[in-house]
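All remarks here apply to the structure that follows.
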Amino acid sequence: MEVKDVSALAKERRKGQRRLDLFRRENLETWILYFPPGDVQRMHNHPSDRTYYVLSGRGVMKGLKETHELAPGQIISIPAHEYYEGSNPHDEPMILLGNSHKATPEDVAKAGGQRNEIDDKTGKRIIYQHGGGRDEGVLAD
C-alpha cells in the first residue's frame, strides 16, 4: 500500500502543470488535475472511461451536447470516446481527483490513438498516439 497527501502534492506542482500523477498501476491510473482561475482545456476525448471528483474549487465540465457546473464533493463520469473540456471561470483554483482504467487495445484502435482533440481553427480531429503533449498529433477527418 502507498499513501499520499493530495493537498500537499497539489501545492507542490510546477507552474503551468495541470496534471499530477498519483498512481500508475497496471490497469488503473489516478491523478490530480489543477485548473487555475480562467483555465480552459481543449475539447478532447480518451479511449477509456474517466471519473473526476471535485476536491476543491468550482468549475465547468462541457461536452458536445451538455454542460455541468462542478462543486466540491461532486463526481462526474465521462464515458470512453466522449468529447469534453474542463474549465474554471471562477476566481479560485479547481482541483479534481481523476482516475481511469487502462484502455484496451480495441478501445485505442477505435479512437485511433491515446487521445483525440478538436482543432480550434479547423474543427477537425487531432489524434495523439501517446496522449496530448507527448507527440505532435496527426490531423484527421
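The values are calculated or read from the model by the stated rules, or taken from the named source; none is laboratory data. All figures in this text were calculated on a predicted structure; none of them were measured in a lab. Glycine also receives a Cβ, built like all others from the backbone with ideal geometry; neighbour counts cover every protein chain displayed.
What number of residues in the range 1-60 are among the aromatic types (Phe, Trp, Tyr), over 23 Å from ILE126 (Cα atoms) and within 11 Å of the chain's Cα centre (by Cα)? Don't jump to the end; show me each part of the working.
First, the residues of the range 1-60 that are among the aromatic types (Phe, Trp, Tyr): 23, 31, 34-35, 52-53.
Filter once more, so that each one left must be over 23 Å from ILE126 (Cα atoms): 23, 31, 34, 52-53.
From what's left, within 11 Å of the chain's Cα centre (by Cα): 31, 34, 52.
Adding up the residues that qualify gives 3.
Is it the case, given these coordinates, that SER77 is buried (at least 17 other Cβ atoms within 10 Å of the Cβ) and polar (S, T, N, Q)? Can you show your working first?
On the way: buried (at least 17 other Cβ atoms within 10 Å of the Cβ): no; polar (S, T, N, Q): yes.
It is false that SER77 is buried (at least 17 other Cβ atoms within 10 Å of the Cβ) and polar (S, T, N, Q).
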* To do: Kindly list the number of the only condition in (1) touching a residue at least 40 places away in the same chain (Cβ under 8 Å); (2) outside any strand (DSSP E or B); (3) under 26 Å from ARG125 (Cα atoms) that fails for GLU92.
  => (3)
* **Meets criteria (among the basic types (Lys, Arg), touching a His at 6+ places or on another chain (Cβ under 8 Å) and touching a residue at least 12 places away in the same chain (Cβ under 8 Å)) for ARG58** => yes
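Residue by residue through the range 31-41, note down the ones that are among the β-branched types (Val, Ile, Thr) and either on the phi > 0 side of the Ramachandran plot or buried (at least 16 other Cβ atoms within 10 Å of the Cβ) (or both).
Here is the first cut: in the range 31-41, the residues among the β-branched types (Val, Ile, Thr) are 32, 40.
Selection gives ILE32 alone.
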* Of the conditions (1) of a type in the set (Gly, Ala, Ser); (2) under 28 Å from THR104 (Cα atoms); (3) modelled with pLDDT of 95 or more, GLY38 fails just one. Which one is it? -> (2)
